[in-house]
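The values are calculated or read from the model by the stated rules, or taken from the named source; none is laboratory data. Since the model is a prediction, treat every value here as computed from it, not as a measurement. FYI the Cβ positions are ideal-geometry reconstructions off the backbone, even for glycines, and counts take in every protein chain you see.
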Amino acid sequence: MTAEDYRALPDEVVIREFSVGEIIFVTTLLDAKKYHKKELAHFYKERWSIELDFRSIKTNMGMEMLRCKSAEMVRKEIAVYFLSYNLMRASIARSALIHREIPRQLSFMTAVQIFNEIKSQLVSLTGHILKHVIKSTLESMALIGIGKQKRKNSLAQ
């Protein structure tokens, strides 16, 4: 921020604080009649899901560093990541539907890891064997919820 931009900021900012359930929210949307607290709380929660989705794309799918050089190719690279993300979410949703789970409660990271383990097999399988592998993959995705994945303790090794 430049010194000029800093000087242009107001000396004070008026905020509105409210709670919904046990959670306290703070906003600059002051008109309580126009901006109902339950609606704002819902939007904050939705925004949090979006932030988690972007984190999943960047970290779990490897988009921390874009490799293309031109703006056009960077746009295409990002589009491919979004397409891959949506295909993975669709697989999670299908798994959740089949196994009566809630899609947002299944681990995205686990689903990516499972897919990465079997992707080389998928291109060479056909018929009943492919169908069985897909069924087993969807079942595996439904088994591990968020925060339930076993991790190796690097300090213990």
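Could you check region 106-141 and list, in sequence order, the residues that are more than 19 Å from R94 (Cα to Cα) and of a type in the set (S, T, N, Q)?
S120, Q121, S124, T126 - these are the residues of region 106-141 that are more than 19 Å from R94 (Cα to Cα) and of a type in the set (S, T, N, Q).
From the residues in region 60-80 that are surrounded by fewer than 13 Cβ atoms within 10 Å (Cβ to Cβ) and within 16 Å of the chain's Cα centre (by Cα), which one is nearest to R104 (Cα to Cα)?
G62
Does any residue of region 68-77 turn out to be in contact with a helix residue (DSSP H, G or I) (Cβ under 9 Å, 6 or more places away or on another chain) and farther than 13 Å from M141 by Cβ?
Yes, the conditions are met somewhere in region 68-77.
Taking region 81-106 only, how many residues are farther than 19 Å from I50 by Cβ and either surrounded by fewer than 14 Cβ atoms within 10 Å (Cβ to Cβ) or not charged (D, E, K, R) (or both)?
Result for region 81-106: 7.
How many of the residues in region 1-37 are under 30 Å from I146 (Cα atoms), exposed (fewer than 10 other Cβ atoms within 10 Å of the Cβ) and among the charged types (D, E, K, R)?
1
(1) farther than 21 Å from S49 by Cβ; (2) part of a helix (DSSP H, G or I); (3) at pLDDT below 90; (4) in contact with a helix residue (DSSP H, G or I) (Cβ under 9 Å, 6 or more places away or on another chain): which one isn't true of M109, the others all being true?
For M109, the failing item is (1).
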